[in-house]
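One structure below.
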Amino acid sequence: MINVFTKGLLLSTLITVLSACNKCHMRPQIIINGNIMGTVYSVKVSGHIPVKKACLQQKINAVLEQVNNDISTYNANYFLFHFNHSNNTHPQLISRGLANIIIMAQRIGHDTSGAMDITIGSLVNLWGFGPDKKPVKIPTEQQIVEAQKKVGLQYLNLFSNHRGEWLQKTLPNIYVDLSTLGEGYCTDELAKLMMRNGITNYLVSVGGAISTHGLNGHGKPWRVAIQQPIDYKNAVQALVDLHGYSISTAGSYRNYFEKDGLHYSHVIDPSIGKPIQHHLVSATVIASSALEADGWDTGLMVLDTEKALKLAQEKELAAYLISATNNGFSTVMTTQFKAFMVQ
Ligand code: FAD
């Protein structure tokens, strides 16, 4: 018996909290919501708003289209789809945006000793979590070993010259999957759009990634809730106040399937070629960019709680980890994360 728990629209693992405060004067606010990448985005702007809402919506649409263009593997109109589906090993000219993502992916891939690896696509697809989705079948060991041979950051070459940025695969059938960084990248691009338009008080979010700047409609830092890692309800596990920082959460409880009583998450451990099989169920990271937070949260999720905490401490990350226990959940966090917690 297979139970599949996923997608339509992926629900966010973080929630913005609109705090009620009768004494505070509410400043003007614009809220724009929509869909992108199989998930939801939201833009909240407060204070002085130099752009009309309709105009801002148009600009947002243009950014979303550009993001898809840069990194979508879901649509044959976009570059990465063709990069993945062709055997061409010649260098190909790429956008500055894509190059920036690859640079971040290489850095976090290195720092996590390959736990976060954007060449994981063959394994993600094999387990039924890629664009082709189900039917869900547990792959054979032979299929896993074959797919693992196509995973490794060493098969991706990134370089630049006077003509621009170039990406080359040295293994013809490698498959780059930027799903783990897509939400963070898109969030950062929306944040840049706000700044370009003179908007300095905003919270933008795409799926489980959020970027903030300035103050909310009550003149306070933006308050964000980390959800309890339960797939069927929106219960709050912790609250943080953000003011110019980004936050992202990865979890194993929203996108998974069950077979014969076992839980198979969309987070794959490249070293075993299988969905993670430990008790860490949610990892949240706060960083200066959403791209960075989004890369690290998946990297930490792949490791178990102990290794993730040790690495987060070594790298001085603001990280918050939730693990499943027999009685519910236990949490640990780094000192850097504590500074953001609402007591
Ligand atoms: P995260 O934890 O941030 O990332 C998990 C995802 O990363 C997994 O689903 C897998 O794809 C990948 N991954 C798993 N293990 C690893 C690992 N060890 N290292 C690196 N990566 C790993 N989905 C749709 O259903 N429909 C769409 O139309 C659609 N369009 C998209 C367009 C774009 C441009 C992008 C980037 C993604 C799109 N997606 C779409 C995918 C969907 O948005 C992703 O499932 C989502 O981004 C994953 O985010 P998350 O927060 O759930 O998981």
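The values are calculated or read from the model by the stated rules, or taken from the named source; none is laboratory data. None of the values given here were measured: they were computed from a predicted structure. In this analysis, Cβ positions are derived from the backbone assuming ideal geometry, glycine residues included, and neighbour counts consider all displayed protein chains.
The numbered conditions (1) more than 15 Å from the chain's Cα centre (by Cα); (2) near the ligand (Cβ under 9 Å from one of its atoms) are all true for G97 except (2). Which numbered condition trips up D117, out of (1) within 15 Å of the ligand (Cβ to nearest atom); (2) in a helix (DSSP H, G or I); (3) closer than 19 Å to F159 by Cα? Only one criterion is unmet by D117, namely (2). Between H82, H110, H48, H25, the distinction of being over 17 Å from C186 (Cβ atoms) and at pLDDT 95 or above belongs to H110 only.
Candidates in segment 103-112 are the residues that are touching a helix residue (DSSP H, G or I) at 6+ places or on another chain (Cβ under 9 Å) and either hydrophobic (A, V, I, L, M, F, W, C) or part of a loop (DSSP other than H, G, I, E, B) (or both); of these, the one that is farthest from the ligand (Cβ to nearest atom) is M104. Total residues in segment 235-266 satisfying the condition of being within 19 Å of the chain's Cα centre (by Cα) and part of a loop (DSSP other than H, G, I, E, B): the figure is 7.
Scanning segment 287-343 for residues that are within 14 Å of the ligand (Cβ to nearest atom) and of a type in the set (S, T, Y) gives a single hit, T298.
Residue-level analysis places A62 among those that are in a helix (DSSP H, G or I) and either modelled with pLDDT of 95 or more or loosely packed, with under 15 Cβ neighbours inside 10 Å (or both). Annotation note: of V236, V285, the sole residue that is within 24 Å of N35 (Cα to Cα), touching a strand residue (DSSP E or B) at 6+ places or on another chain (Cβ under 8 Å) and buried (at least 22 other Cβ atoms within 10 Å of the Cβ) is V285.
At least 1 residues that are of a type in the set (G, A, S) and away from the ligand (no atom under 16 Å from the Cβ) in each: list the strands (runs of 3 or more DSSP E) lying fully within segment 150-211 that qualify.
156-161, 164-169
Do the conditions hold for S282, that is, is it within 12 Å of the ligand (Cβ to nearest atom), over 16 Å from the mean Cα position of the chain (by Cα) and either in a strand (DSSP E or B) or of a type outside the set (D, E) (or both)? Spelling it out, it is not the case that S282 is within 12 Å of the ligand (Cβ to nearest atom), over 16 Å from the mean Cα position of the chain (by Cα) and either in a strand (DSSP E or B) or of a type outside the set (D, E) (or both). Annotation for segment 257-280: at least one member residue is under 19 Å from F337 (Cα atoms) and modelled with pLDDT of 95 or more.
Give me the pairs, please: first residue somewhere in segment 173-201 and under 12 Å from H213 (Cβ atoms), second residue anywhere and within 16 Å of the ligand (Cβ to nearest atom) and assigned to a loop (DSSP other than H, G, I, E, B), beta-carbon distance under 7 Å, and either six or more positions apart or on two chains. Cβ pairs passing all conditions: D188/S289.
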